[in-house]
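As structure tokens, the structure follows; a few thoughts come after it.
The values are calculated or read from the model by the stated rules, or taken from the named source; none is laboratory data. Source: prediction; values computed, not measured. Neighbour counts run over all protein chains shown; Cβ positions are idealised from the backbone, glycine included. Heavy atoms of the whole protein, side chains included, go into the accessibility calculation; ligands, DNA and RNA do not. Shrake-Rupley method; radii C 1.70, N 1.55, O 1.52, S 1.80 Å.
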Amino acid sequence: RPGALELLGRSINVDNRINKRAKFGFIRSEDAVTWSIFVGLQRSISFALPAIYRDLFELPIEQVPELLLWGASVEGGKGGRVMEERLIDISDRLGERARSRSEPDVILDFGPAGLVIIEVKYQSPNDHRERANWTPYLHESRAFDQPRLAQSSGLYELVRNWRIAHDLAGSRHFLLVNLAPQRTLDSTQGRALFESSLGAKENGRFLPLNWTEFLGVIQGQEAQLPPWWDAYIESRSLRR
């Protein structure tokens, strides 16, 4: 757990920090699962990550990624700080409030190979809204071929994350992953509309990915996972 509370205190959505920390201690915490899985992999088997992420994302990955959770760099290196600054700049250009910015659950920056943003779902459904401020994310951008379909989907988190991924990646390949239980992916209202709305298909891709597939690729690499891994996965029922 080293660094977890400090990172929560740097998450990019300032107004949500207290609430995020309070929820982090619960067994059903989505943020705690996100931290445990992605930081656990980065710190325990970083040597195996390029192969794992190549198999998962079908990108020409040759390096361990720069890892950001909730808009904050986990290790705080130069590359992570640059990505934090770029994320804030994009948020400002989209007109978001400085204390209430969009905070992608996971950002994996693979340098020239591309960028992956992951919207993580554990036991909650994908966010669906009929009323929201859609205009900043849909206006004057190649990110969406059919902005009206994007809004009609109601998938506000995914729409915002796709726009942010598009703007962060620039000319690089990018991927927006919805990592969730299969039942959540199957029951996501508006997903077909969302997928039909997407632009930038020459370098961008949306990937629904269930936890069983994700964990299966990791296990398939036969890397020496941390000793707590199997018990943790079982305790959170992530393979179901």
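Worth a mention:
- Annotation: TYR53 fulfils all but one of (1) more than 15 Å from the chain's Cα centre (by Cα); (2) within 21 Å of GLU213 (Cβ to Cβ); (3) surrounded by 18 or more Cβ atoms within 10 Å (Cβ to Cβ); (4) not hydrophobic (A, V, I, L, M, F, W, C); the unmet one is (1).
- Residue match in the range 22-39 (condition: over 22 Å from ILE233 (Cβ atoms) and open to solvent by less than 40 Å² (accessible area, probe 1.4 Å)): no
- Candidates ARG142, ARG172, ARG160, filtered to the one that is touching a Gly at 6+ places or on another chain (Cβ under 6 Å) and surrounded by 15 or more Cβ atoms within 10 Å (Cβ to Cβ): ARG172
- Any hit, the range 52-59, residues being more than 18 Å from LEU7 (Cα to Cα), in contact with a Leu (Cβ under 6 Å, 6 or more places away or on another chain) and aromatic (Phe, Trp, Tyr): yes
- In the range 178-213, the qualifying residues are those that are among the basic types (Lys, Arg) and under 23 Å from LEU59 (Cα atoms), and the one that is most open to solvent (accessible area, probe 1.4 Å) is LYS201.
- Long-range neighbours under 9 Å by Cβ, at least six apart or interchain, first residue open to solvent by less than 40 Å² (accessible area, probe 1.4 Å) within the range 111-131, second outside any helix (DSSP H, G or I) and among the aromatic types (Phe, Trp, Tyr): GLY114/PHE174; LEU115/PHE174; VAL116/PHE110; VAL116/PHE174; ILE117/PHE174
- For the range 214-234, taking the residues that are without any contact (Cβ under 8 Å) to a residue 24 or more places away in the chain and assigned to a helix (DSSP H, G or I), the one that is least open to solvent (accessible area, probe 1.4 Å) is identified as ILE233.
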